[in-house]
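*Asks:* Sharing a structure, written as structure tokens. Questions coming.
The values are calculated or read from the model by the stated rules, or taken from the named source; none is laboratory data. Every value quoted in this text rests on a predicted model; they were computed, and no experiment measured them. Note: ideal-geometry Cβ built from the backbone for every residue, glycine included; neighbour counts use all protein chains shown. Calculation scope for accessible area: heavy atoms of the full protein, side chains included, ligands and nucleic acids excluded. Shrake-Rupley method; radii C 1.70, N 1.55, O 1.52, S 1.80 Å.
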Amino acid sequence: MQIRVNGISVNIYGLKTNPAIIFVHGFPYDHNMWENQIKRFKKDYYCVAYDIRGLGKSAVGCGQFTMELFADDLFDIIKKLKIKKPVLVGLSMGGYLALRAAERNQELFAGFVFADTHPRADDNVSKLKRSSAIAEIESKGLKRYAKNFLPLCFLPDSNRKRYYSEALRRATKQNPKGVKGAQLAMLSRTSTEEFLPEIKKPTLVIVGREDKLTPPQVMKEMAAKIPGAEFVVVPNAAHMSPVENPEVFNAALENFLKQVER
Ligand code: MLT
């Protein structure tokens with residue numbers, strides 16, 4: 001079932017009486033990247049996967065986004081759907097969002113899964129890269145930008161795979177204003193690094209072994225700062241670990257979910 005909450009397109013699967021999971025996608029994708037997780041977990045869990053503002057089927061509006069606005073949207077969804085103690089699963093940009101939402105109100109959640117992400121704010125080099133990306137999308141178009149960016153997210157040989165062409169197709173169909181807005185939100189986000197030792201909920205930190213954007217070493221250091229966090233490396237996967245190796249990703253998620261008390 002698909003509903004709208006303040007312009008956000010929210011997809012719901014499974015029984016509301018089951019324990020909840022909220023999936024938050026990465027950039028420049030949409031909720032479809034969680035297809036393999038939804039398929040696997042909707043029988044036993046109430047799965048919610050939405051499109052971040054400006055992406056997928058969600059409203060674009062003015063396109064002037066911040067991570068705070070993205071976190072507000074998540075809180076609105078939880079409130080409107082009366083979701084009780086979900087496990088929050090965020091990948092990369094979705095992880096930045098999940099980390100900030102946790103920092104603002106971790107009591108809302110039963111646990112966290114931070115996938116292929118990190119807690120730091122952008123340094124100057126990254127800010128300048130994002131500024132160039134915004135300019136490039138404006139002047140040369142989203143298609144060209146997406147064609148250059150997506151190979152950084154996947155294993156080198158993945159361009160022959162169906163999931164890669166599907167991700168590229170969806171990315172190039174995004175509203176360029178929304179994609180630029182997501183860049184703005186990431187560029188202006190705050191660091192959540194100092195908050196990590198204060199996380200009191202069960203946490204899984206998971207990363208693709210070949211992830212070049214958020215490498216395993218960076219995520220291992222992140223996991224070490226979160227009390228009791230589990231750290232898992234997914235083989236045969238780069239930055240899009242749930243898409244590239246859903247079997248191993250799902251097994252780690254299943255194992256983690258069993259340990260989370262509701
Ligand atoms: C993502 O996968 O969400 C992006 O690579 C995150 C980023 O650009 O920092």
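*Asks:* If you take the residues in region 88-141 that are touching a helix residue (DSSP H, G or I) at 6+ places or on another chain (Cβ under 6 Å) and of a type in the set (Asp, Glu), which one is farthest from Val248 (Cα to Cα)?
*Replies:* Among them, the one singled out is Glu136.
*Asks:* Can you name every residue in region 80-127 that is free of Cβ contacts under 8 Å to residues at least 24 places away in the same chain, part of a loop (DSSP other than H, G, I, E, B) and more than 14 Å from the ligand (Cβ to nearest atom)?
*Replies:* Of everything in region 80-127, just one residue is free of Cβ contacts under 8 Å to residues at least 24 places away in the same chain, part of a loop (DSSP other than H, G, I, E, B) and more than 14 Å from the ligand (Cβ to nearest atom), namely Lys82.
*Asks:* Ok, one more. Output the residues belonging to region 39-57 that are open to solvent by 10 Å² or more (accessible area, probe 1.4 Å) and free of Cβ contacts under 8 Å to residues at least 60 places away in the same chain.
*Replies:* Passing the criteria: Lys39, Lys42, Lys43, Asp44, Tyr46, Lys57.
*Asks:* Go through region 212-234 residue by residue and tally those that are within 17 Å of Leu99 (Cβ to Cβ), within 16 Å of the ligand (Cβ to nearest atom) and either in contact with a Gly (Cβ under 8 Å, 6 or more places away or on another chain) or not in a helix (DSSP H, G or I) (or both).
*Replies:* Going through region 212-234 one residue at a time, the tally reaches 2.
*Asks:* Of the conditions (1) open to solvent by less than 50 Å² (accessible area, probe 1.4 Å); (2) under 27 Å from Phe109 (Cα atoms), Glu198 fails just one. Which one is it?
*Replies:* (1)
*Asks:* Being of a type in the set (Val, Ile, Thr) and either at pLDDT below 95 or under 12 Å from Val87 (Cβ atoms) (or both) is the filter here; which residues of region 100-120 pass it?
*Replies:* The one that is of a type in the set (Val, Ile, Thr) and either at pLDDT below 95 or under 12 Å from Val87 (Cβ atoms) (or both): Val113.
*Asks:* Give all pairs with beta carbons closer than 8 Å in which a residue from region 128-155 that is under 19 Å from Asp30 (Cβ atoms) and outside any helix (DSSP H, G or I) meets a residue that is open to solvent by less than 40 Å² (accessible area, probe 1.4 Å) and hydroxyl-bearing (Ser, Thr, Tyr); count only pairs at least 6 apart in sequence or on separate chains.
*Replies:* Correct list of pairs: Phe154/Tyr164.
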